[in-house]
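Okay, structure first, notes after.
The values are calculated or read from the model by the stated rules, or taken from the named source; none is laboratory data. It should be emphasised that the depicted structure is a prediction, and the values quoted were computed from it without experimental measurement. Every residue, glycine among them, receives a Cβ derived from its backbone with ideal geometry; neighbour counts consider all protein chains shown.
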Amino acid sequence: MIASSELSVQRQLTKVFIEADKIQVVLSRSTPTDDGAGGTIPGSPVDLPPQTMRLIPLGDGAQERFNANGVAVTPSYMLMGYHDSDMEREDQLVIGGRRYEIVFINENQQYEKKGEVAYRGE
């Protein structure tokens, strides 16, 4: 755990960093429903309230991840939000008419929440 004084400073730095190039993001989330055969199927997507975040391009060294369909993808962006942002793996978002999916969420969420984002289509 981070000391409370350091945590306060880290959260302030995250806020300043996001505010420097912020975007409003609406994440869409599907809640799985029972398929009646012991599995699940995706439910209807629901838009979450808009959140202030920052989209950071990832370089060539991005680690390959698996999307919701089990397909290996290379994330193109890191979506950074405040530590209490509502962001989950498999959430989707649209930026500039292009659809993306959050394929990985960083575990350390004490002062920021970061999700790796992969392109899903138009």
Of the listed residues (Asn108, Asn69), the one being within 30 Å of Leu7 (Cα to Cα), exposed (fewer than 11 other Cβ atoms within 10 Å of the Cβ) and not charged (D, E, K, R) is Asn108
*Right, Glu88: part of a loop (DSSP other than H, G, I, E, B), free of Cβ contacts under 8 Å to residues at least 12 places away in the same chain and either hydroxyl-bearing (Ser, Thr, Tyr) or surrounded by fewer than 20 Cβ atoms within 10 Å (Cβ to Cβ) (or both) or not?*
no
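One line per residue, one yes/no per condition, for (1) farther than 21 Å from Gly121 by Cα; (2) in contact with a Leu (Cβ under 8 Å, 6 or more places away or on another chain):
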site	(1), (2)
Ala3	yes, no
Gly36	yes, no
Asp47	no, yes
Glu64	no, no
Met87	no, yes
Gln92	no, yes
Those residues of the stretch 32-66 which are touching a helix residue (DSSP H, G or I) at 6+ places or on another chain (Cβ under 9 Å) and not charged (D, E, K, R) amount to Thr52, Met53
Log entry, pairs with first residue in the stretch 97-122 being at positive phi, second being modelled with pLDDT of 90 or more and crowded, with 16+ Cβ neighbours inside 10 Å, beta carbons closer than 8 Å, six or more apart or on different chains, reads none
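Each row is one residue, and each column tells you yes or no for (1) under 17 Å from the mean Cα position of the chain (by Cα); (2) of a type in the set (Gly, Ala, Ser); (3) part of a loop (DSSP other than H, G, I, E, B); (4) on the phi > 0 side of the Ramachandran plot.
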position: Val9; (1), (2), (3), (4): no, no, no, no
position: Gln12; (1), (2), (3), (4): no, no, no, no
position: Gln24; (1), (2), (3), (4): yes, no, no, no
position: Pro49; (1), (2), (3), (4): yes, no, yes, no
position: Met53; (1), (2), (3), (4): yes, no, no, no
position: Ile56; (1), (2), (3), (4): yes, no, no, no
The number of residues in the stretch 64-73 that are assigned to a loop (DSSP other than H, G, I, E, B) and closer than 23 Å to Ser85 by Cα is 2
**OP:** Look at Val103 and say whether it is buried (at least 21 other Cβ atoms within 10 Å of the Cβ), under 13 Å from the mean Cα position of the chain (by Cα) and among the β-branched types (Val, Ile, Thr).
**Re:** yes
Checked pairs for the stretch 27-47, first closer than 14 Å to Ala68 by Cα and outside any strand (DSSP E or B), second modelled with pLDDT under 90 and among the β-branched types (Val, Ile, Thr), C-beta under 7 Å and 6 or more apart or across chains, list as Pro32/Thr40; Pro32/Ile41; Gly43/Thr31; Gly43/Thr33
